[in-house]
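Data first, discussion second: the structure below is written as C-alpha cells.
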Amino acid sequence: MNILYLHGLDSSLNNEKRTVLEKFGTVYAPNIDYRNNPNTIKQLLTTYKKHDPEINVVIGSSMGGFAGYYISEVLNRPALLFNPALASRSVAQEMPDTIISSLNLKHIILGAKDDVITPSETFQFLSKTIDNNIEYRIHLRPNLAHRIPIAVFEEEVDVFFKALCY
C-alpha cells in the first residue's frame, strides 16, 4: 500500500502521524510550498501520476485536503480528507482540467468548531458535486477544531482503511 500524504498550509507531517500511517503502508509526504507555487496540484500529479510503485490512497489535511481531493480524482484513488479547504483558500491554487469522476471514496472529516475551514461552506461545495459519481462519507465531529489531535487522526485513519478492507 502506497499512501500519498499532503500536509496543510505552512505545515508538515509530524512523526506521530507518520507512525500511524506507516501501519498501513509506505508513506510519501512531499514538502509543499502552497504559498509560492500556485501549480502545486499539477506538479504533484506530474510526480505521482506515473509513480512506480503507484499511489493507492491520498490523505490530506486543510490545504492538503483541497489538493488531495483533486489528485484523488485524477488518479482515481480513494481519499481521506481532514477539514479540506474545498470552498475557499487563503492562497491561490490552479485546479486540474482533467477529472476522471469515476466512483471512488472520499472520506471527509469536518470539525464543527473549525474556525479556519467553515464546515457549512464545505457542505455547500460538496452538494454541488453530488452528480459527479463520488462516494462521500462525511464525519462531522462536534468537538473538533481545525487542528487534528493524534487520537482523532488515528481513529479516522483506522476507519478509512477498514472501509477499504485493509
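We did not get these values from a lab; they are worked out from the coordinates using the rules stated. Values in this document were obtained by computation on a predicted structure and should not be read as measured data. Heads up, the Cβs are rebuilt from the backbone with ideal geometry, glycines too, and the neighbour counts pull from every protein chain shown.
What to note about this one:
- Neighbour net charge for Tyr5 - beta-carbon separation under 10 angstrom, K R +1, D E -1: +2
- Counting lysine pairs in the chain that sit 8 or more residues apart in sequence, or on different chains, and whose Cα atoms lie under 29 Å apart gives 24.
- Shape of the chain, Cα gyration tensor, a/c cut at 1.5: rounded
- Applying the criteria of a DSSP loop state and at most 13 other Cβ atoms within 10 Å to the trypsin sites (Lys or Arg not before Pro) of region 54-158 yields Lys113, Lys128.
- Computed from label points 7 Å out along Cα-Cβ, the spacing between Ser12 and Arg89 is 2.1 nm.
- On full extension, the segment bounded by Ile138 and Leu164 gains 7.8 nm, given 0.36 nm per residue less the C-alpha separation.
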